[in-house]
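Chemist: The structure under discussion is supplied below as structure tokens; questions concerning it will follow.
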Amino acid sequence: MFDECKNPYGQRLPRHTNVARQRRLAQLPFAALLIWAASLSAAEPAAAPAKGTVSPAAMPLLKQAVQAAGGEANLLRYFTFKDRVLIGDKDTGFGSKRESVMDAPQHWWLKSPGGYTERKDEPAVFLVWAWTLRALTDPASTIETVPEVKDGEAELWGLRVSGNVKPAMELYFRKDSHLLARIDWRNDLHRFSDWKTLPTGTKYPARVVGHKKGTDKIWYFDEVTEVTPLKELPEKLQPAKP
């Protein structure tokens with residue numbers, strides 16, 4: 001005798017004659033699961049990108065800072081720059097020379113004869129992003145005012161930026177020119193000076209000196225010797241196309 005089994009309706013059928021039907025029936029729950037999962041996907045749209053806010057008091061100050069730096073359309077996004085970095089409390093005129101390609105705050109590549117090396121997990125990429133002022137125009141940034149301060153002889157007003165950068169950083173601007181003068185972030189103060197203007201009208205600080213909070217002790221010097229805006233990243237650094 002053939003082995004027997006019950007179909008979903010309670011009828012006994014020979015097992016070997018009912019294999020195809022059993023396979024079809026076994027597939028039904030999985031197909032139903034797929035339909036159910038698809039309906040969930042259709043009903044739940046992808047999460048929208050995080051969106052920041054700008055306080056009413058911060059808005060006019062933000063506009064002044066961006067305009068002073070050359071206007072939003074001219075702010076640096078993709079660009080190369082050459083600089084000289086010296087770690088220490090005295091600028092001897094020496095230091096490490098490097099050439100970089102920037103897509104801040106996502107990427108920072110160092111250029112060498114052999115190609116490009118990415119500086120992964122490098123917090124300083126957020127500082128570059130900040131001094132370009134794109135941190136102020138990023139839709140994900142939340143911006144609010146902070147109390148005015150006096151730094152040496154300069155009177156400064158400030159904005160706190162949070163959202164894509166953690167912890168929040170404070171950007172301080174000169175009252176007389178509205179140019180960036182200082183960034184307070186984490187355990188350091190970064191003071192900017194020696195502003196240059198590109199043919200596009202973009203302004204950028206060519207010198208920054210890092211100080212330790214609390215002691216105000218200098219611990220690095222950075223001199224930017226050349227900046228070149230790019231319309232797009234070099235081909236080798238562009239994301240792979242689907």
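Chemist: Restricted to the range 65-88, and to residues that are surrounded by 14 or more Cβ atoms within 10 Å (Cβ to Cβ) and of a type in the set (S, T, N, Q), which residue is farthest from residue 180 (Cα to Cα)?
Modeler: 80
Chemist: For the range 122-171, what are the residues that are touching a residue at least 12 places away in the same chain (Cβ under 8 Å) and assigned to a loop (DSSP other than H, G, I, E, B)?
Modeler: Scanning the range 122-171 gives 122, 123, 132, 133, 138, 139, 140, 141, 163, 164, 165, 167.
Chemist: What do you reckon, is residue 194 more than 17 Å from the chain's Cα centre (by Cα), buried (at least 16 other Cβ atoms within 10 Å of the Cβ) and more than 18 Å from residue 229 (Cα to Cα)?
Modeler: It is false that residue 194 is more than 17 Å from the chain's Cα centre (by Cα), buried (at least 16 other Cβ atoms within 10 Å of the Cβ) and more than 18 Å from residue 229 (Cα to Cα).
Chemist: On to the next question. Taking into account only those residues within the range 89-121 that are in contact (Cβ under 8 Å) with a residue 40 or more places away in the chain and within 10 Å of the chain's Cα centre (by Cα), which is surrounded by the most Cβ atoms within 10 Å (Cβ to Cβ)?
Modeler: 105
Chemist: In addition: Take the residues of the range 165-178 that are surrounded by fewer than 18 Cβ atoms within 10 Å (Cβ to Cβ) and in contact with a helix residue (DSSP H, G or I) (Cβ under 8 Å, 6 or more places away or on another chain): which is nearest to residue 131 (Cα to Cα)?
Modeler: By that ranking, first place goes to 178.
Chemist: Which of the residues spanning the range 150-178 are touching a Lys or Arg at 6+ places or on another chain (Cβ under 7 Å) and not aromatic (Phe, Trp, Tyr)?
Modeler: If the condition is that a residue be touching a Lys or Arg at 6+ places or on another chain (Cβ under 7 Å) and not aromatic (Phe, Trp, Tyr), then 151, 154, 155, 156, 167, 168, 170 are the ones that fit.
Chemist: Another question, then. When you go through 76, 62 one by one, which is the residue that is in the same structural domain as residue 144 (by TED's automatic domain parsing), within 23 Å of the chain's Cα centre (by Cα), under 21 Å from residue 136 (Cα atoms) and in a loop (DSSP other than H, G, I, E, B)?
Modeler: Being in the same structural domain as residue 144 (by TED's automatic domain parsing), within 23 Å of the chain's Cα centre (by Cα), under 21 Å from residue 136 (Cα atoms) and in a loop (DSSP other than H, G, I, E, B) holds for just one of 76, 62, which is 76.
Chemist: Here's a follow-up. Please enumerate the residues belonging to the range 124-164 that are surrounded by fewer than 18 Cβ atoms within 10 Å (Cβ to Cβ), charged (D, E, K, R) and under 18 Å from residue 79 (Cα atoms).
Modeler: The answer is 138, and nothing else.
The values are calculated or read from the model by the stated rules, or taken from the named source; none is laboratory data. Here the structure is a predicted model, which means the values were calculated and not measured. Positions of Cβ are generated from backbone atoms using ideal geometry, with glycine treated the same way; all protein chains shown enter the neighbour counts.
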